[in-house]
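Encoded as C-alpha cells, the structure appears first; notes follow it.
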Number of protein chains: 2
Amino acid sequence: MDLTGNDAPGCGTGRRRRRPLSVTATVLGKKWHPLIVSVLLEAGALGFNELKERVQGISDKVLSESLDDLEERDLVDRTVIDDKPVRVEYSLTEWGEQLELVVTAMDEWGKRYLDAHGTDPAAD
Amino acid sequence: MDLTGNDAPGCGTGRRRRRPLSVTATVLGKKWHPLIVSVLLEAGALGFNELKERVQGISDKVLSESLDDLEERDLVDRTVIDDKPVRVEYSLTEWGEQLELVVTAMDEWGKRYLDAHGTDPAAD
DNA sequence: CTGTATCCTAAAGGATACTG
DNA sequence: CAGTATCCTTTAGGATACAG
C-alpha cells in the first residue's frame with residue numbers, strides 16, 4: 001500500500017509533482033472510505049461492530065482492512081480500551097475531520113444529482 | 001456499468017435508500033475521473049489528445065472508457081466537429097461543472113495533507 | 001486525429017469459517 | 001467484542017496493435 005501518493009494518477013514518471021487532488025482521490029477512491037469517514041464524522045468514536053452496522057453491507061475483512069489503511073494514512077485513530085471484553089474505539093484524527101468539507105460537498109452534489117437523475121422509479 | 005448508483009457501497013440490500021455521498025463516491029472513485037474533471041474545469045473544452053496530454057499517464061483506452069462513462073453519467077459533453085480530420089471536443093455539462101466545489105475541496109485538503117505528510121524528501 | 005480490439009495481470013473486494 | 005485466515009471472483013486498469 002502506497003502512502004506517499006506517488007502512485008496517484010497524474011503523477012506520471014515523476015517529472016510532474018504529485019497533485020493534491022490525486023492524493024485526496026487516492027484516499028477517498030477506496031470503495032468504502034468515504035462512507036466510513038462520513039459515519040465517523042456523524043457519530044464520533046465507534047467500536048468495530050457499531051461501525052460495521054452503520055456502514056451497511058461491508059464485511060469484517062474489508063472493514064478491518066479499510067480501517068488499517070485509514071489509520072496508516074493518519075485519518076483514523078484506533079484506541080484500545082482495556083475492558084473485558086476488550087473494546088476498540090475508532091475515531092477521526094484532525095485529518096479525518098478536515099475531510100468534512102469534502103464529504104459535505106460530495107453529499108450535496110449527490111443529492112442534487114439524485115434529484116435530477118434518480119427520481120425515476122424505473123431507475124431502481 | 002451501473003448508472004443508477006445502486007451498486008454504491010452502503011446501499012445494502014435496498015432497504016436503505018441510496019446515499020448521495022456514495023453516488024458521488026462512485027463517480028469520483030474511478031481512478032482518473034477526478035483528474036479529468038479537474039482538467040476540464042481548468043481548461044474548458046478539449047480534444048481527445050489535448051486531454052490526454054494534460055491528464056498525464058493515462059492510456060488511450062482508459063481515457064476513452066473514462067470519457068464514455070462520464071458522458072453516460074451526464075458529466076461530460078462530447079461534440080463532434082466535422083472538420084477534416086475530425087475533431088471531437090469534450091467539455092463539462094452543468095453537472096460536471098457543479099463538481100467544482102468538490103474538486104476544490106479535495107485539492108485543498110490534499111495540499112494541506114501533503115504539506116504535513118509529504119514534505120519529507122524520504123517520502124519520495 | 002480519434003478512437004477500438006485484444007489480451008493480460010494485479011489488486012480489490014466478497015463469502016465463509018475460525019480465533020483470542 | 002474484534003478481528004484473522006483462506007479462498008475465490010471480478011474488474012479496473014495497462015500494453016500494444018490496429019482502424020475509421
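What separates the A:Thr79 label point from its copies, with the point 7 Å along Cα to Cβ, is 5.5 nm, written shortest first.
Here the residues B:Val23, B:Val76, ranked from fewest to most Cβ neighbours within 10 Å of their Cβ, fall in the order B:Val76, B:Val23. What the Cβ-Cβ distance of B:Asp83 and B:Glu53 gives, at R0 = 30 Å and to the nearest 0.05, is a FRET efficiency of 0.95.
Sequentially through the stretch A:59-66, phi angles give Karplus couplings (6.51, -1.76, 1.60; θ = phi - 60°) of 8, 3, 5, 5, 4, 4, 5, 4 Hz, Gly and Pro residues having no value and appearing as x. How charged is the neighbourhood of A:Met106? Take every other residue with its Cβ under 13 Å from the Cβ of A:Met106, and add Lys/Arg as +1 and Asp/Glu as -1. Net of charged neighbours comes to -1. Between copies, the label points at A:Glu53 (set 7 angstrom from Cα along Cα-to-Cβ) are spaced 5.7 nm, reported in nanometres from shortest to longest.
Annotation: amide H of A:Thr93 within the under-5 Å range of A:Val76, A:Asp77, sequence separation 5 or more or interchain, hydrogens built in the peptide plane.
Enumerate the residues in the stretch A:45-83 having an amide nitrogen under 19 Å from the point lying 7 Å beyond the Cα of B:His117 toward its Cβ. The answer is A:63-79. For the segment A:53-63, counting C-beta atoms of other chains within 10 Å of every residue's C-beta and taking the mean gives 2.
The packing ranking, built from the mean of other Cβ atoms within 10 Å per residue, places the peptides B:82-95, B:103-116, B:58-71 in the order B:103-116, B:58-71, B:82-95, highest first. The H on the amide N of A:Val88, modeled in the peptide plane, is under 5 Å from the matching H of A:Phe48, A:Ile81, each at least 5 residues off or on a different chain.
Since every read-out is calculated from the coordinates, none of them should be taken as a lab result. It should be emphasised that the depicted structure is a prediction, and the values quoted were computed from it without experimental measurement. So basically every Cβ, Gly included, is an ideal-geometry build from the backbone, and we count neighbours across all protein chains shown.
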